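The numbers here are math on the coordinates, done by the rules we state, and not lab data. Predicted, not measured: the structure shown is a model, and the values here were computed from it. We place every Cβ from the backbone using ideal geometry, glycine too, and count neighbours over all the protein chains shown.
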Amino acid sequence: MLTGISSVILDEIHAVFPNKRGTYLITAVERLVPLCGEFQRIALSATVKPLDKVADFIGGYQLKEAGNTFEYKKRRVSIVRSHMQKKYHIQVNFPGKEEKKRREQSPSEVWWPVLMEEWRKIVDQNHSTLFFANSRRMVEKVTRLFNESQGERVYSHHGSLSKEIRSVVEKRFKDGELSAIIATSSWNWASISVQWMRWY
């Protein structure tokens, strides 16, 4: 089954490069060479450093004939890096409310409606908005509060949902069917341009 491999993609290589998992992974990759010959190796990461060491790690050594003997030589590796500058626009906001109402009502009665109002404005001003929360419980709560008054405009995204449901949510979001996603760190947001915010 593995004899026809022409490329191996190692995604998020920074997660395994500096530890035993990385050693195990690259050993498994090397074991493919006797089965299918040399193949292209592609390692991906947005944060890995130092690139030269990682390139040597991914490329490894190739056994080559040198006269009457054999010797190991480094495989040729090309490093492709982005020089684009990241741009951030960060704001810290605190929604206002009349002091009198704050004294008369419990915090949950005051702050959640105010926060929902502020967040709805953000959603209305953008095509796609991605909100991050620190827990699944918070994700579900905010999703419910959004949808109770606005219809099904937003959806939850967290690790307790099945992979199939998360895939459907991501597709609907990319297709513009959902105004926003309320997510934990389970969200894979690479290649999607959105307005996003995080709260605690």
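What's the ranking of 127-136, 111-120 by average number of surrounding C-beta atoms within 10 Å, highest first?
127-136, 111-120
Ranked highest first by average number of other Cβ atoms within 10 Å, how do 171-178, 10-17 line up?
For the peptides 171-178, 10-17, the packing ranking is 10-17, 171-178.
Which links in 20/87; 20/53; 53/174 stretch past 25 Å when you go from one Cα to the other?
From 20/87; 20/53; 53/174, over 25 Å: 20/87; 53/174.
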